[in-house]
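*Asks:* Below is one structure. I have some questions about it.
Nothing in this text is a laboratory measurement; each read-out follows from the coordinates by a stated rule. If you're wondering where the values come from, they're calculated on a predicted model, not measured in any experiment. Cβ coordinates were reconstructed from backbone atoms using ideal geometry, including for glycine residues, and neighbour counts include every protein chain displayed.
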């Protein structure tokens, strides 16, 4: 029985990790006042770049690195467009999401001459932490996971501390909260917004890499399947408190993992697929009831 | 800015600046730039851009193809409406897929289960689809006004739920028994869209969509509600101050948007092959092609048919491009994305202008 | 009266802390500052006085590097400087506390103070050092504050202390306080004055921008008075009196246009009954009652930010009152929508023309149509079904109004954003007056409008009243209120603190009440008696010579 529960914990973590990286990217953008809905496309690009990178370098970590760098580069469109050129981040993001979808499919055909999915023989997935297998409790949870899974939590704590304890972090938070005040104290607001968005791109690259080389070892067209949107919802849910993100993302991970479980015992996949979205929406509504009370204005 | 040592002629420059401000320049420029970027991508892939683009045009505008092309143009126009109506008041409807699928399901159910002659059954099915999908779309309005969840987010979260539920119903509840594919049985004769002459793809559904576009144009330019939509889109506070009930307006706009998407779903289902097939409504990507068309038109009703032509050509021609020029059809999606990104980044021109004037 | 213009040489330094010479600034056709000279003696408290629009804010924005002067020079410590932005000014030793605070609500006091200039240890913010710095500064200047408190939870007075600490942390030697008492309670004002004195005694030069006479008299060493962008008076505070300051501030050369009055007023049209708006602990509008009758113009005087705007918003319905009742023509409209209230007979000329009164990207025609689009002749007219509009009628009506109100535009299809402020305002006024609503609220109707247009707007309001309309006129301009209003109420800190009939109202009395002189009085009715000086008291000639 215990094995079953621990393996469930493992499944939750597995499902939650990509969302967690992406949500952290969104949260950092939110901290500088950029509404970032480009996560879905960036994560998808990251997944593709990770697989392509692993295929070409022959190393899964090479794939992760390429995913990280190229997705950061991809995020430059949103970063420069919204921060420097004051373009609407929503429209840019709609565009880059479509672009990522099209470009990954296009490159799949052009580079690898396949369509739908790409999983060549010998494609290096990220190594699992099998050395933990014999450790009680930890083993069943983490032995089958990649290093990126525990790293997600380290990164989130590190980012949280960085925001809290360093001058740059403090300034970054101020940029989102009151840009005029920050600018009046000599902080370059567009520059912070730009680099925060690019950093978000790097994190989405890792999210994609974990998805394509950790959770599975394959790239499939549109394999992010809405995880980026769940991440956006998670960012809304925690409303600017990044340290709450793990909780939100683990919740979504649990919904997804529970879905798999229920499928295992015969529940239709179609309904379990919808569960994360439904749960997200319900939780959003519940947390916003206070908002509803605060404005009874008849419009 | 580093400029050439020779002083640029101020007159020519001014002329250029004036020309650049013409409203048609932005969409047109975005398209041209996107096509150039697309050409670079094709060339980088070691293929010939000219052959590819020629193949796109041939594939979509070949007289033998026009029947099909027009039907797709109709669907894209319909989905463009679903995006454009809320866009007029500054809201994004990204839930077109869910709305469309619900409409398709409703139409299929009505066509299969209501024993009426075709003359009544077809309008009833379309109407029912509009009501169900419209109601579903309108859900986002109270979520925004009462709970502060942006419409862009709620439509995105609601859409996959609808898609999944429809998929489930198809597979387990109302789907054809014993079929490998999750799909409804073929709709009966009286539950199919009426044909237009001997065309095999375009049918009266296309006329319905054209009628919807005309209706949107008229409502937008002639009605009080259309006026209020534009006012709120231009300045929400101004609208509220002037007495526009913004919450109700959002409800109406989202209901209309959902209804438009639902009608598209209904028409697709009631056209050949006369079934609702799992995933068949979504996979052609009409929703985002429509959204792209709406964005490119800036929500303006009169421009939507024109911008929709572009994305129709890309969509339909993509297949023949793949066949004859060996360029993957996903290039259509790439170009859609590039058009939108370029369009959004047009602000760089304003930025440059202000920088120059302040320098 | 000797102007202390020739820098009183103190023992420490020969040069004054700041010297502004011949500063000029214009915005389009509006001259905001014209040949302004200002000398700030080191370690002194210097009040810069003037009414709304006198050019105080523009002058201070130039001193702090937010604007660039068109002409003139700025010297700091005797050295000419050119500021490309506030950072340059900060580096030169200036600090500014804005009227609207620029604070990070979610952060602590200490984080707000050190933001952008953080003490660090090993790359991390040294929070202990930051707190120590805040404590040290607080003690030195008597700025009572708790470094670990979250700013969002603080009172306005405490937030202001944080703003002052921010400037002091950056070693500001010249501290500009822009209308610092606008948001403070009387006891907070007292402690602020203590801080100001202490800072000056410690060698800091303090600039106090204000329009309130008693503050000037209570805390400053020297005063410079501005009117219409020019210096109209320089005093050593010890030699200044309320009367001389009022005289310099308001001037006498413009003949006051006095409201002729109609003598006949009709039934009550608008009734505001014990209305409170905003958080009950710090309400923007506090228990305000007033009535406007048909055929009457009631003026609301007050310095910007004393609750007038919130009162208007509550009457219109874009903001809901926390308590109290609002009746239009006897009908309670409290919880109703804006649309219902307008239908019940309300028209509003809003203060924020670009943000609320117009949609800049829409055409003049569309802007003048909002609110009329469902009524004849545009909607609901011959042969039109309900909900449809006649575009021809819309354009025809727009052209008619453009001609009638003399709006200078290339055509009714031109975006309103391309029009000048005065012409855009005419469009707003045309739209609202053409409702023919029984009740009109006009909020700063002549703000940013050229002189010729002001007259025509005033005439329109008088005609409106003559037609039986009830007008609530909110204005910062006393002259405007005197010219138009039959009765004037004065708002201060969200309350009505004084009420004058047209006969009793004078610039001095209203000015005194606006400056809070009435707040010491037990009842608003007592206000006229407590006004610092009746207008007929002979006042010393103010110093108007501007050559140094």
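*Asks:* Say R0 is 51 Å: what FRET efficiency, to the nearest 0.05, do residue A:128 and residue B:319 get from their beta-carbon distance? Can you show the working numbers first?
*Replies:* Values: r = 42 Å, r/R0 = 0.81.
FRET efficiency, residue A:128 to residue B:319: 0.75.
*Asks:* Residues of C:354-364, mean number of Cβ from any other protein chain within 10 Å of their own Cβ, rounded to a whole number? Numbers along the way, then the final one.
*Replies:* Values: counts 2, 4, 7, 5, 4, 11, 3, 4, 7, 0, 0.
Counting Cβ atoms of other protein chains within 10 Å of each residue's Cβ and averaging gives 4.
*Asks:* Right, next: So, by mean Cβ neighbours within 10 angstrom, what's the order for B:67-77, C:459-469 with the highest one leading? The partial results should precede the final answer.
*Replies:* Numbers: B:67-77: 23.9, C:459-469: 17.1.
In descending order of packing, they fall as B:67-77, C:459-469.
*Asks:* Another question, if that's okay. I'd like the mean, over residues of B:151-163, of how many other protein chain beta carbons sit within 10 Å of each residue's own Cβ.
*Replies:* Details: counts 0, 6, 10, 4, 0, 10, 13, 3, 3, 9, 9, 2, 5.
If you average over the peptide's residues, the count of other-chain Cβ atoms is 6.
*Asks:* Among B:260, B:108, B:280, which one shows the highest mean-square fluctuation when chain B is modelled as a Gaussian network with alpha-carbon springs under 10 Å?
*Replies:* Taking springs between Cα atoms under 10 Å, the residue moving most is B:280.
*Asks:* Using Cα centres only, tell me the gap between the stretch B:256-321 and the stretch A:215-229 in whole Å.
*Replies:* Cα centres, the stretch B:256-321 to the stretch A:215-229: 25 Å.
*Asks:* How many nm is it between the label spots at residue A:218 and residue C:504, if each spot is 7 Å from the Cα in line with the beta carbon?
*Replies:* 8.7 nm
*Asks:* Among DSSP beta bridges lying fully in the protein assembly as shown, give the percent that are antiparallel, nearest 5. Please report the intermediate quantities before stating the final value.
*Replies:* Values: 51 of 88 bridges.
Restricted to the protein assembly as shown, the bridges split so that about 60 percent are antiparallel.
*Asks:* So if we plug the beta-carbon distance of residue C:463 and residue A:180 into 1/(1 + (r/R0)^6) with R0 = 30 Å, what FRET efficiency do we get, rounded to 0.05?
*Replies:* Working: r = 42 Å, r/R0 = 1.40.
Once the sixth-power term is evaluated, E becomes 0.10.
*Asks:* What angle do you read, to the nearest 10 degrees and between 0 and 90, between the alpha-carbon axis of helix A:245-264 and the longest principal axis of chain A?
*Replies:* So the helix axis and the longest Cα principal axis differ by about 30 degrees.
*Asks:* Let me ask something additional. Hey, what did the stretch A:2-294 get for relative contact order, percent, Cα under 8 Å, at least 6 apart?
*Replies:* Relative contact order, the stretch A:2-294: 35 percent.
*Asks:* Let me ask you something else. How much FRET efficiency would the formula 1/(1 + (r/R0)^6) give for residue B:40 and residue C:400, where r is the Cβ-Cβ distance and R0 is 51 Å, rounded to 0.05? Before the final figure, lay out the partial values.
*Replies:* On the way: r = 55 Å, r/R0 = 1.08.
Computed FRET efficiency for residue B:40 and residue C:400 comes out at 0.40.
*Asks:* Then there is this: Taking the Cα atoms only, what angle lies between the long axis of helix C:451-466 and the longest principal axis of chain C, rounded to 10 degrees?
*Replies:* 50 degrees
*Asks:* Could you work out Rg/(2.2 N^0.38 Å) for chain C, with Rg from alpha carbons only?
*Replies:* On the way: Rg = 25.1 Å, N = 548, 2.2 N^0.38 = 24.2 Å.
My calculation over the Cα atoms of chain C gives 1.04.
*Asks:* To test your reading of the geometry: what angle, between 0 and 90 degrees and rounded to tens, separates the Cα axis of helix B:10-20 from the longest principal axis of chain B?
*Replies:* 10 degrees
*Asks:* What value, in deg cm²/dmol to 500, does the helix sum -39500 (n - 2.57) over DSSP H runs of n ≥ 4 give at 222 nm once divided by the residues of chain C? Let's see the in-between values first.
*Replies:* Working: 17 runs with 164 residues, N = 548.
Computed ellipticity for chain C at 222 nm equals -8500 deg cm²/dmol.
*Asks:* Treat the count of other C-beta atoms within 10 Å as a stand-in for reagent exposure and order B:227, A:112, C:104 from fewest to most. Numbers along the way, then the final one.
*Replies:* Details: B:227 25, A:112 16, C:104 22.
Least crowded to most crowded, the residues run A:112, C:104, B:227.
*Asks:* When the helices in chain B are scored as -39500 (n - 2.57) per DSSP H run of 4 or longer and the sum is shared across all residues, what 222 nm value do you end up with, to the nearest 500 deg cm²/dmol? Walk me through the numbers on the way to the answer.
*Replies:* Working: 16 runs with 251 residues, N = 359.
Using -39500 (n - 2.57) per qualifying helix, the result is -23000 deg cm²/dmol.
*Asks:* I'd like the distance separating the alpha-carbon centroids of the stretch C:368-416 and the stretch B:43-75, in whole Å.
*Replies:* 46 Å
*Asks:* Starting from the Cα of residue B:68, step 7 Å along the direction of its Cβ; do the same at residue B:50; then give the gap between the two resulting points in nm.
*Replies:* It is 2.7 nm.
*Asks:* Going 7 Å from the Cα of residue A:112 toward and past its Cβ, which residues in the stretch B:312-337 have a backbone nitrogen under 20 Å from where you end up?
*Replies:* Correct set: B:327-334.
*Asks:* Regarding chain A, what whole-number volume in Å³ per residue does the convex hull of its Cα atoms give? Walk me through the intermediate numbers first.
*Replies:* Values: hull volume 48.9 nm³, N = 299.
Looking at chain A, the number lands at 164 Å³ per residue.
*Asks:* Related question: Have a look at B:16, B:207, B:349 and tell me which one the Gaussian network model of chain B (Cα, springs below 10 Å) gives the largest fluctuation.
*Replies:* Between B:16, B:207, B:349, it is B:16 that shows the largest mean-square fluctuation.
*Asks:* Additional query: When DSSP assigns beta bridges and you keep just the ones with both residues in chain C, what percent turn out antiparallel, to the nearest 5? Each step should come with its number before you reach the end.
*Replies:* Details: 45 of 82 bridges.
Given both bridge residues lie in chain C, the antiparallel proportion sits at roughly 55 percent.
*Asks:* In deg cm²/dmol and to the nearest 500, what is the mean residue ellipticity at 222 nm of chain A if only DSSP H runs of at least 4 residues count, each as -39500 (n - 2.57), divided by the residue total?
*Replies:* Working: 13 runs with 211 residues, N = 299.
Mean residue ellipticity at 222 nm (helix-derived): -23500 deg cm²/dmol.
*Asks:* I need the per residue convex hull volume for the stretch C:58-108, using only the alpha carbons, in cubic angstrom as a whole number. Each step should come with its number before you reach the end.
*Replies:* On the way: hull volume 4.8 nm³, N = 51.
Roughly 94 Å³ of hull volume per residue.
*Asks:* Which stretch or stretches of the stretch C:97-112 have amide N atoms under 15 Å from the point lying 7 Å from residue C:153's Cα along the Cα→Cβ direction?
*Replies:* Backbone N within reach: C:105-111.
*Asks:* List, largest first, the extents of the alpha carbons of the stretch B:65-329 along their principal axes, each in whole Å.
*Replies:* On the principal axes, the stretch B:65-329 reaches 58, 43, 35 Å in Cα extent.
*Asks:* What average number of partner chain Cβ atoms lie no more than 10 Å from the Cβ of the residues making up B:287-297? All intermediate terms of the calculation are to be shown ahead of the outcome.
*Replies:* Details: counts 0, 5, 1, 0, 2, 3, 0, 0, 4, 0, 0.
Mean number of neighbouring Cβ atoms from other chains: 1.
*Asks:* Note down the nm distance, to one decimal, between modelled labels 7 Å out along Cα→Cβ at residue A:286 and at residue C:267.
*Replies:* Distance between label points: 5.4 nm.
*Asks:* Kirkwood Rh, the protein assembly as shown, all Cα pairs: how many Å? Don't jump to the answer; show the numbers that get you there.
*Replies:* Details: mean 1/r = 0.0296 Å⁻¹.
For the protein assembly as shown, inverting the mean 1/r across all distinct Cα pairs yields 33.7 Å.
*Asks:* Below 8 Å, C-alpha to C-alpha, sequence gap of six or more: please give me the relative contact order for chain C in percent.
*Replies:* Details: 1142 pairs, mean separation 81.1, N = 548.
Here the relative contact order equals 15 percent.
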